[in-house]
Amino acid sequence: MLRPYRLERELDRAVAQWLGWLPRWDPATARRRLSPCATCPAWADDLGFDEVPHGALHALTTSLDAVITEHVRRSVSLQPFLSDEAIDGLRDQLRREAIAWVNRQHSHILRALDAYVEPKVQHMAALLLADLGGV
């Protein structure tokens, strides 16, 4: 079985990389989606990040999902006869651990969101209001 510190170390690295990327996030470059994202709403709800713009949140959730998927893959390679139910249970357990880990970092993450994301959202809102006022 995998050691828990390895998961925490990889979660730490994923969140650190996301925090390093966050200042470069630009809402103006966001691609328009034709269908709703299947990943982010559940993560946003579990992490308490309902108000975070999708582009910024998506970068975090895909990183967390990748860490979980890699740990499940490693576990299956070490124990190849795990049932589908056991694999799903492992995935759920790892997801809960990831949520708990991110929640321990919640205040640090919120400070970064306030510093880097909120000003950009406010700026876009101001531009939109200016455009509406000029029409």
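What the table below lists for this structure:
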{"quantity": "Members of region 50-78 that are in contact (Cβ under 8 Å) with a residue 40 or more places away in the chain and either assigned to a loop (DSSP other than H, G, I, E, B) or within 28 Å of Arg24 (Cβ to Cβ) (or both)", "calculated": "Val52, Pro53, Ala56, Ala59, Leu60, Ser63, Leu64, Ala66, Val67, Glu70, His71"}
{"quantity": "Failed item, numbered, when Leu82 is tested on (1) touching a helix residue (DSSP H, G or I) at 6+ places or on another chain (Cβ under 9 Å); (2) part of a helix (DSSP H, G or I)", "calculated": "(2)"}
{"quantity": "Filter result for the condition that a residue is touching a Leu at 6+ places or on another chain (Cβ under 9 Å) and part of a helix (DSSP H, G or I), over Ala125, Ala115", "calculated": "Ala115"}
{"quantity": "Close pairs from region 111-135: first closer than 15 Å to Glu51 by Cα, partner aliphatic (A, V, I, L, M) and assigned to a helix (DSSP H, G or I), Cβ under 6 Å, at least 6 apart", "calculated": "Ala112/Leu19; Ala112/Leu22; Tyr116/Leu22; Val117/Ala56"}
{"quantity": "Residue match in region 22-35 (condition: over 18 Å from the mean Cα position of the chain (by Cα), among the polar types (S, T, N, Q) and either farther than 19 Å from Arg111 by Cβ or not in a helix (DSSP H, G or I) (or both))", "calculated": "yes"}
{"quantity": "All positions within region 88-120 that are more than 15 Å from Arg9 (Cα to Cα) and either of a type in the set (Phe, Trp, Tyr) or modelled with pLDDT under 90 (or both)", "calculated": "Tyr116"}
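Per-residue answers, yes or no, for (1) closer than 30 Å to Asp114 by Cβ; (2) within 10 Å of the chain's Cα centre (by Cα); (3) modelled with pLDDT of 95 or more:
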position	(1), (2), (3)
Glu51	yes, no, no
His58	yes, yes, no
Leu64	yes, yes, yes
Arg74	no, no, no
Pro80	no, no, no
Glu85	no, no, no
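Yes or no, residue by residue, for (1) of a type in the set (A, V, I, L, M, F, W, C); (2) buried (at least 17 other Cβ atoms within 10 Å of the Cβ); (3) out of contact with any Lys or Arg (no Cβ under 6 Å at 6 or more places or on another chain):
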{"position": "Trp43", "(1), (2), (3)": "yes, yes, yes"}
{"position": "Phe49", "(1), (2), (3)": "yes, yes, yes"}
{"position": "His54", "(1), (2), (3)": "no, no, yes"}
{"position": "Phe81", "(1), (2), (3)": "yes, no, yes"}
{"position": "Arg91", "(1), (2), (3)": "no, no, yes"}
{"position": "Leu94", "(1), (2), (3)": "yes, yes, yes"}
{"position": "Ser107", "(1), (2), (3)": "no, no, yes"}
{"position": "Glu118", "(1), (2), (3)": "no, no, yes"}
{"position": "Leu127", "(1), (2), (3)": "yes, no, yes"}
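The values are calculated or read from the model by the stated rules, or taken from the named source; none is laboratory data. Here the structure is a predicted model, which is why all the values come from computation and not from measurement. Glycine gets a Cβ as well: all are built from the backbone with ideal geometry, and neighbour counts include every protein chain shown.
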